[in-house]
Amino acid sequence: MTPTLPRTVRAVDTAQLLGLAQEATLHGFSQRLPVDWLREHLAAEATHYLFPTLVQRLTHRPEVPLQWRCQQLLTVSTGEHIWGLLDVLPDTFDKIPETGAATW
């Protein structure tokens, strides 16, 4: 049975986002921007937003845990906003407080 995807937006600061990207790298998740790129381009004091869009289960790689594929809205150092994707463990996502600003 497929777990229920949360329909909520989570806000993280740059340090938290870098930690999430590092965790995705350690697990070999396919959807993520490189940590070095994020470290170089993200606005240091920005808030970034994640919202799950699908349940990602790699049946051809059973050693890889189930994850939420999240769209992410990032603020880069130029002040521009860009979209990206980031695969996040469900337990990790659940530990991020809800923003209260937007749910659907």
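The values are calculated or read from the model by the stated rules, or taken from the named source; none is laboratory data. Nothing here was measured: the structure is a model prediction, and the numbers come from that model. Positions of Cβ are generated from backbone atoms using ideal geometry, with glycine treated the same way; all protein chains shown enter the neighbour counts. What goes into the accessible areas is simple: the full protein's heavy atoms, side chains included, and nothing from ligands, DNA or RNA. Shrake-Rupley method; radii C 1.70, N 1.55, O 1.52, S 1.80 Å.
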- Item | Rg and Dmax of the chain, Cα atoms only, in Å | 13.3, 43
- How high is the relative contact order of the chain, given as a whole-number percent (alpha carbon pairs under 8 Å, six or more residues apart)? 34
- Item | Ratio Rg/Rh [Cα only; Rh per Kirkwood] for the stretch 43-102 | 1.04
- Query: Can you work out ³J(HN,Hα) from phi for every residue in the stretch 71-76, in order, using Karplus 6.51 cos²θ - 1.76 cosθ + 1.60 and θ = phi - 60°, giving whole Hz and x for Gly and Pro?
  - Reply: 7, 10, 10, 10, 10, 9
- Message: So with the 1.4 Å probe, I'd like the accessible area per residue for the chain, rounded to whole Å².
- Response: 57
- Query: In the chain, carbon and sulfur make up what percent of the accessible area (probe 1.4 Å)?
  - Reply: 54
- GNM, the chain, Cα, under 10 Å: largest mean-square fluctuation among HIS41, HIS27, HIS60? HIS60
- Query: What is the dipole size for the stretch 54-104, taken about its Cα centre, with +1 at each Lys and Arg Cβ and -1 at each Asp and Glu Cβ, in debye to the nearest 20?
  - Reply: 160
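Roughly how big is the chain's charge dipole about its Cα centre, with Cβ charges of +1 (Lys, Arg) and -1 (Asp, Glu), in debye to the nearest 20?
Computed charge dipole of the chain: roughly 340 debye.
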- Note on the structure: Mean-square fluctuation maximum in Gaussian network of the chain, Cα pairs under 10 Å, restricted to VAL76, VAL55, VAL64, hits VAL64
- Note on the structure: Heavy-atom accessible area with a 1.4 angstrom probe orders GLU23, GLU45, GLU98, most exposed first, as GLU45, GLU98, GLU23
- Karplus ³J(HN,Hα) for the stretch 63-69 (6.51 cos²θ - 1.76 cosθ + 1.60, θ = phi - 60°; Hz, whole; x = Gly/Pro) runs 6, 8, x, 4, 8, 8, 8
- Considering the options PHE93, VAL55, TRP37, tell which one lies farthest towards the positive end of the dipole of the stretch 5-104, charges being +1 on Lys and Arg and -1 on Asp and Glu at the Cβ, about the Cα centre. VAL55
- Message: Report the gain in length on full extension from VAL76 to ASP36: 0.36 nm times residue separation, minus Cα-Cα distance, nm rounded to one decimal.
- Response: 13.1 nm
- Query: So how tilted is helix 14-27 from the main axis of the chain? Cα-based, degrees 0 to 90, rounded to 10.
  - Reply: 30
- Of ARG61, ARG39, ARG69, which has the largest mean-square fluctuation in a 10 Å C-alpha GNM of the chain? ARG61
